[in-house]
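Quick notes on the structure that follows.
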Amino acid sequence: MTRISGFLFRRRGGPGSFGGWHWTDIVTFGWLAAGVILMFGPALWLVLSSFKSPAGLAEFPPTLLPYETRTAVVEGYDKPLPLFVVTDEAGTRTLAEVRRVGTVAQMVDPANPGEVQKINIQTRTPDRRVGFQWSNYTEPFLAFDFFLYLRNSIFVTFMATVITLLTNSMAAFALSKYEFRGRNAVMLVVLATLMIPLSVILVPLYSIISTVGLLNSLWGVILPTVATPTGVFLLRQYMLTIPDELLEAARMDHASEWQIYWRIVLPLTAPALAVLGIFSVVWRWNDFLWPLIVLSRREVYTLQVGLNTYAGELNVQWHFILAMTVITMIPVVIVFLFLQKFITTGIAGSGLK
Amino acid sequence: MKRSMTAAASGFVALGLMASTAFAGDVRIMWYSDGVEGEVIADLLSRFSAENPEINVILDNVAYKVVQEQLQIQLEAGEGPDIARVTNIKTLAPHWLDLTPYLSDAAYWETNFGGYADWMREDGSSAINGFMTQLTLTGGFANATLFEQAGVALPGAGATWDDWVAAAAAVQASQSTTAAFAIDRSGHRISGPNVSYGANYIGADGKPAPVDAGTKAFAEKLVAWTSEGKMLKDTWVSASGSTYRPAADDFINAAIPFYYSGSWQIANLSTKIGDGFDWVATGSPCGTAGCSGLGGGAALVAVKYTKNPEDVAKVMEFLASEAVVKEFSERTLFLPAHAGVVAAGGMSWATDDPNVEAALNTFIEAAGQVEPNAAALPAWKWGSVYYGALVNRISQVMAGEMTLDEAYVKIDADIAEQVAAAN
Amino acid sequence: MNSFKHQAGAVITAPLGWLAGLIDPPLRVWQRWTGQGGMAAFFLLPNMAIFGVFVLLPLVINIIYSMTSGAALFLSDRDYVGGAQYARLLDCGNYGDPGTCAEDQFWTAVQNTGLFVILQVTLLIIIATITALILNRELRARSFWRAVFFFPVLLSPVVVGLIWRWILQRDGVLNAAMLGMGLDPINWLIERNWAFAAAVGVTIWAHMGFYALILLAGLQAIPKDLYEAAEMDGTRPGRVFWRITLPLLMPNLLVVIVLSLIRAVQVFDEAFVLTGGGPGTATLFLTQYIYEVGFASLLKNLGLASAASILMGGVLVLLTLLQLALGKRNEQKGKLK
C-alpha cells in the first residue's frame, strides 16, 4: 500500500514548495488522472455497451452496466415471466407480469399465481440484474464466417507489413545514402501522396484496380497501401544517422550495394523497422474504406468489411456492430501492449532531434 | 489391357466432369439486410441448392453502403454480381438483364409482378428484369400507450397532418416527451405528404418541375413545427447533405408519440419495443389533396453482365415462386409485391406480437390511398435527385442557415444542374 | 530470455538471409553495369512503382476528371469542359459569405475547415506539449502512462467517431451524468458551437498521443546537465521551460505542427461519423464535401468533386513544401552540431 501511495504521490518537493507539493506536482497528478478517465473511459464504455441487448442500447438514461430483466417460471404459464418491482399504496413487492394492456399491467405474485392483480404501469419498474448478452458475440460468428475473415485480415496485415518494410527501407536507403539528380524531386513525389486522402481518388483508383484485374483479390487490398510516405520518411531519418564510414569501409572490402543494404544498414535500422512494422500492422488491420471498395465477394472479406454487413439501408444492428468492433480492437491492443517499448525508442532514435 | 481400361475410364470421367462443369455455374447474389432477411434468404437458397446441386449459389452479404455506393461503379466497369438486391432500381436500369428469353413462364411474371415492372426497367421497355423483394409504403406509427396515459384520443381515419401534430403535441405537453413527432431525414419520406398537399414533381416533359405550392405548403409546416419544438429537431439537423438518419430509436424510447416512417420498420419496432408499449400503424395523415404515402422497396434484379443467364433465371424463378415469396414475406414481416400472394391473403406472420399483424393490415389498406402523383414517383428516374435536393436544403432551413425562399431557389438550381449534367 | 530472443531471431532471419544471398549475384552484375546510380534506381523502384500506379496515376486521372462534366463514370463517356468546374467553384459574389456563392456548401466547407485547422492544431500542440512535459518527469511505471495517452491512436477512426457519438448524443452517457448531477442536459451534437467543439475535441483525443510521443522523444534528447545547472541556480520552472526546453524542442515542435496541419486539413473519418456534417452544415469539412459530391450523395457531380479535391491538394502542397524547407533547415542545424 505504501508503495502504491509512493507511486501515486511521488512529487517534486524541494524548497519553495508547500508541504512537499509543488504546483507542478498538482498539475501532473491532475493531468494523469484526467488522462486515464478521458482516454480509457470511452473505450470501457464501448466494451460494456457491446454486451447490451438492442432494447438496452436504445434506453435513456443509458445504464453503465448491461442489464437483463429477471424472469421467473410461474405455475400455469408456459414461458418464464418478466419480474417487476411494484411500489404503490400496498407497499413494495416483486410481481411477474402476465401481459400488459394499455396502461394497466396484469401481474401475479410468483408464489401465489392464482390471483391476477391489475397494476398501473407507472408504478412498476423492471427488476433487473447485471447480465451480459453474450449472444451479441456468438450470433455473428455463427452467421458469418468469422474465421475466414480473420484469416483474410491476418493475411492482408502480415503480407502488407512485410512488403511495406522491404520496399520502404529500400527507398529510404536510396534517398538517404545516395546522391543523385532528381533526389529532391523524388522526395516531393513521395510527399505528394500525403496530400491525397483516399476518399478523393476513389473512382480513378477503382478503375485502375479493375483494369489490373485485382478486384476482389486480397492483393488488390494489399498492394496500393504498402508504399507509405510516413514509413519512407521515418526510415530515412533513422538511416541518416548511420555513419557513412561504415558503408565506405564495406565498399572497400568489395561488398556489393545489396550486401551493404542487407547486412549493414537493415540490421542497424532495426528499431525504426520495428516502429514501422507496428504502425503498419495497426493501419492495415483497421483499414476499412479501401477493402470495402475492392472486396464484394464474401470469401475475401476482411474483418472490418465483414463487421459492416450489419449496417443495412434502413436499420443498423448496433448490438452486433459494437460486439464486432470490440473484437477487431483486441489484436491491435495486444500488439501495442507487447511492443510498446519499441514505439518510443524507435521514434526517439529516428533522429527527430 | 488394364492400363488402357483405366486410361479410358479416366478419360470418360474427365469428359463427364468437363461436361458437368460446362453446365454448372456460379450464381453470385449481392444482398444487404435491414433485419433478418439475410438469414431467411440463405435458408431459402439452401433449399434451392439441394434441389439444384449443379448450380453453385453464393450469397454475399454486404453493407447497404456497398450497394448504394459501389455497385454502380462495378456495373459501369462491366463487373458486379449476377443478381443484386437494390433500391436504386430505376437509375441503374440500363445494367439489368432482360430475363424474358430465359424464363420458362414469362406470363407468370407479367401477371404477378407486372404492376411494378416499370420501377426497374428503362422507359418504354417491356423487359423483365427482376421482382420486388418487398413493397414498402410510408406511413405513421403512434405510441398508443402514451396517448392513453395522456388521455388524448388517437385521431381517426381522414385526420389531417395538423390534427395529428396537435394531438401529438397535447401528448407531448401532458407526458413531457422530448417532442411531439419525428420524420426520418429523407426527401423520400416527405414526398408522400407533399403530394397530399397537391405537389407534383414531374413536369409535363417528364423532367423535374420547379418546387410547387404543394411542396412549399408542407415545407413551411415542417419548419414551423421544428421551430415550435413539436418536430424533433435532432433528426433533420444532425447531418448535412442527403445523409439518411432514421428517428426510429426515438420512437422506441417513447421520446415521441408519433413517428412518420414506413412499413419496413415493423419488424424492427416489434423486436426492440417488445412488450414496452402498444403501438399502432396510422396510415398517412391527410393534406388538402389526399392522404398519400409513397411506395418503394428493394428489388432483386439480374445483372446484364452475368456469364450465366440460364442459371440466373433458374434462381430467380425459384425465388419468385408464389410459395417462396409467401414464406419470405411471412418470416421477414415485409409486405409482398406478388399479386397472387396478396390476393390469396391468409398470411401467417412469423411473430407473437399482436401489434405486428394489425400494423401490416393497416399498411395494406393504406396502399389504396396512394395518389397518382406519388404512384408515378418510383418509376421516375429523377426521383432520387429530387429527394436529395429537398432534404439537403430544407434541413439547412431548419438549422437556421437560410430562409425557405432561398432554399426553394437552391433546390431548383441543384436539380437543374443534375439534369444538365446528365445530358 | 535475451538469448532465446536472439535464437528466435536467428531462426527467422536465416531463410531470409539465404534468399538475400541468392539475389546478390545478379545484383552485382547490375551494379557493375550501371554503377551507383543504377543501384539507387533499383532500390527506389518497388516503392515508386506502387506510388506511381496506385497514387500518382489516380491523381493525374483526377486532374483530368476535374476538367470534365457529365454523369457517366468513366472518362471516355464524359465531356471535356476545360476550367468550367473550377470557375463554378470559385464563382462567388462575396468570398466571405457562402450564401452568395454558386457552390455555397463548398465555401461553407472551406470556412469550417479553416476554423477547424486553426483551433484544432493550436489546442493539439499545447496539449501534446504539456503531456510530453509531464511524461518526461520522473514517473514510476512510465510505460503505463505512455500507453494511456497513446491508446486512442490505435483505434480506427470509425470506432472513435462511434464511441464519442454514443457518449455525446442527446440520450448519451454525458447527458445522463449531467442529469444525475442536477444539471440541464445539453444537446451536444445539435447545438452548432458545441458540435464544432466536439469535432475539435474528438480529433484531438484521437491523435494527441502520437504527437506527444514525438515531442517526448525530443524532450528526452535534451541533455540533463542543462536542467541540473538551472536547478542549482534556483531557476523557476517557467523560466526553465521558456529559456531551455522550448528552444531545444523547437525543431521537433515545428515538424509536429506541420504534420498535424496537413492532417487537420484532411479531417474526415471521425468527424463524419460523429456529426455527419451537422447540425445543418456547421461541421461540414472539405473532405466530406468532396466525398459526398463525388460519391455518396444523391446529387453526385464527379467533375466538381475532382476540381474541389485539386484545389484542396494545392493548399496541401504549400504546407508540405513548408515542411520540406523546415526539414532542410533542421538537417543543417544537425550537421553543424
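Could you check segment B:409-423 and list, in sequence order, the residues that are more than 10 Å from chain C (Cβ to nearest Cβ) and either more than 25 Å from the chain's Cα centre (by Cα) or farther than 16 Å from B:G241 by Cα (or both)? Within segment B:409-423, B:V409, B:D412, B:A416 qualify. Could you list, ordered by first residue, the pairs with Cβ atoms under 7 Å in which the first is in segment B:249-272 and more than 9 Å from every other protein chain (Cβ to nearest Cβ) and part of a helix (DSSP H, G or I) and the second is surrounded by fewer than 22 Cβ atoms within 10 Å (Cβ to Cβ) and among the polar types (S, T, N, Q), at least 6 apart or interchain? Listed pairs, sorted by first residue: B:S270/B:T351; B:S270/B:N355.
For segment C:92-99, the criterion of being in a helix (DSSP H, G or I), in contact with a Cys (Cβ under 9 Å, 6 or more places away or on another chain) and either away from chain A (no Cβ under 14 Å) or within 22 Å of C:A282 (Cα to Cα) (or both) is met by at least one residue.
For segment B:274-301, the tally of residues that are buried (at least 24 other Cβ atoms within 10 Å of the Cβ) and facing chain A (nearest Cβ under 10 Å) stands at 1. In segment C:280-292, the residues that are facing chain B (nearest Cβ under 8 Å) and free of Cβ contacts under 8 Å to residues at least 40 places away in the same chain form Cβ pairs under 9 Å with partners that are assigned to a helix (DSSP H, G or I) and not acidic (D, E), at six or more places apart or across chains, as follows: C:E292/C:Q105; C:E292/C:A305. Do the conditions hold for B:G78, that is, is it more than 8 Å from chain A (Cβ to nearest Cβ), touching a helix residue (DSSP H, G or I) at 6+ places or on another chain (Cβ under 9 Å), surrounded by fewer than 21 Cβ atoms within 10 Å (Cβ to Cβ) and assigned to a helix (DSSP H, G or I)? It is false that B:G78 is more than 8 Å from chain A (Cβ to nearest Cβ), touching a helix residue (DSSP H, G or I) at 6+ places or on another chain (Cβ under 9 Å), surrounded by fewer than 21 Cβ atoms within 10 Å (Cβ to Cβ) and assigned to a helix (DSSP H, G or I).
Taking segment B:47-104 as the range and being without any contact (Cβ under 8 Å) to a residue 12 or more places away in the chain and either in contact with an Asp or Glu (Cβ under 6 Å, 6 or more places away or on another chain) or hydrophobic (A, V, I, L, M, F, W, C) (or both) as the test, the residues that pass are B:A50, B:I73, B:A77.
Residues that are more than 40 Å from the chain's Cα centre (by Cα) number at least 3 in the following strands (runs of 3 or more DSSP E) confined to segment A:48-132: A:81-88, A:91-101, A:104-109, A:112-120. Scanning segment A:193-245 for residues that are more than 25 Å from the chain's Cα centre (by Cα), within 30 Å of A:I264 (Cα to Cα) and aliphatic (A, V, I, L, M) yields a total of 4.
Can you pull out the helices (runs of 4 or more DSSP H) entirely within segment B:273-369 that have at least 1 residues that are within 30 Å of B:Q149 (Cα to Cα) and of a type in the set (V, I, T)?
Details: elements: B:309-320, B:322-332, B:339-344, B:354-366.
Output list reads B:354-366.
If you go through segment C:147-166 one residue at a time, do you hit one that is touching a Lys or Arg at 6+ places or on another chain (Cβ under 9 Å), buried (at least 20 other Cβ atoms within 10 Å of the Cβ) and not in a helix (DSSP H, G or I)? Don't jump to the end; show me each part of the working.
Filtering segment C:147-166 down to residues touching a Lys or Arg at 6+ places or on another chain (Cβ under 9 Å) leaves none.
No.
Residue-wise test of (1) in contact with a helix residue (DSSP H, G or I) (Cβ under 6 Å, 6 or more places away or on another chain); (2) touching a residue at least 24 places away in the same chain (Cβ under 8 Å); (3) more than 11 Å from chain C (Cβ to nearest Cβ).
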| position | (1), (2), (3) |
| --- | --- |
| A:G213 | no, no, yes |
| A:S217 | no, yes, yes |
| A:F233 | no, yes, no |
| A:M252 | no, no, yes |
| A:W258 | yes, no, no |
| A:D287 | no, yes, no |
| A:Y301 | yes, yes, yes |
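If you go through segment C:243-258 and pick out every residue that is among the β-branched types (V, I, T) and without any contact (Cβ under 8 Å) to a residue 60 or more places away in the chain, you end up with 1.
Residues that are more than 7 Å from chain A (Cβ to nearest Cβ) and touching a residue at least 40 places away in the same chain (Cβ under 8 Å) within segment C:132-154 comprise C:A132, C:L133, C:L135, C:N136, C:F150, C:V153, listed in sequence order. Just one residue in the set B:T145, B:T138, B:T177 is crowded, with 18+ Cβ neighbours inside 10 Å, closer than 30 Å to B:S321 by Cβ and polar (S, T, N, Q); that residue is B:T138. Within segment C:179-200, being assigned to a helix (DSSP H, G or I) and facing chain A (nearest Cβ under 10 Å) holds for C:L179, C:G180.
Just a yes or no: is a residue in segment A:88-101 closer than 26 Å to A:T71 by Cβ, of a type outside the set (A, V, I, L, M, F, W, C) and modelled with pLDDT under 80? There is at least one residue in segment A:88-101 that is closer than 26 Å to A:T71 by Cβ, of a type outside the set (A, V, I, L, M, F, W, C) and modelled with pLDDT under 80.
Scanning segment B:376-408 for residues that are more than 8 Å from chain C (Cβ to nearest Cβ) and either of a type in the set (G, A, S) or out of contact with any helix residue (DSSP H, G or I) (no Cβ under 9 Å at 6 or more places or on another chain) (or both) yields B:A376, B:A379, B:G383, B:D405, B:A407. Selection of segment B:358-386 for residues being hydroxyl-bearing (S, T, Y) and surrounded by 23 or more Cβ atoms within 10 Å (Cβ to Cβ) yields only B:Y386. All of B:S176, B:S126, B:S196 fail the test of being away from every other protein chain (no Cβ under 12 Å), among the polar types (S, T, N, Q), closer than 24 Å to B:A375 by Cα and over 22 Å from the mean Cα position of the chain (by Cα), apart from B:S126.
The residue that is farthest from B:Y305 (Cα to Cα), counting only those in segment B:25-46 that are touching a strand residue (DSSP E or B) at 6+ places or on another chain (Cβ under 8 Å), touching a residue at least 24 places away in the same chain (Cβ under 8 Å) and of a type outside the set (A, V, I, L, M), is B:E37.
Restricting segment C:157-172 to residues that are free of Cβ contacts under 8 Å to residues at least 24 places away in the same chain and out of contact with any Leu (no Cβ under 8 Å at 6 or more places or on another chain), the residue that is farthest from the other protein chains (Cβ to nearest Cβ) is C:G172. Of the listed requirements (1) over 24 Å from the mean Cα position of the chain (by Cα); (2) surrounded by 22 or more Cβ atoms within 10 Å (Cβ to Cβ), B:D184 misses just one: (1). Specify the residue that is farthest from the other protein chains (Cβ to nearest Cβ); the eligible residues are those in segment A:169-209 that are small (G, A, S), part of a helix (DSSP H, G or I) and more than 24 Å from A:Q259 (Cα to Cα). It comes out as A:A185. When the test is whether a residue is free of Cβ contacts under 8 Å to residues at least 24 places away in the same chain, charged (D, E, K, R) and closer than 23 Å to C:T129 by Cβ, A:D78 does not pass it.
The values are calculated or read from the model by the stated rules, or taken from the named source; none is laboratory data. Just so it is clear, the structure is predicted and the values come from calculations on it, not from any experiment. Because the Cβ atoms are built from the backbone with ideal geometry, glycine has one as well, and the counts that use them run over all protein chains shown.
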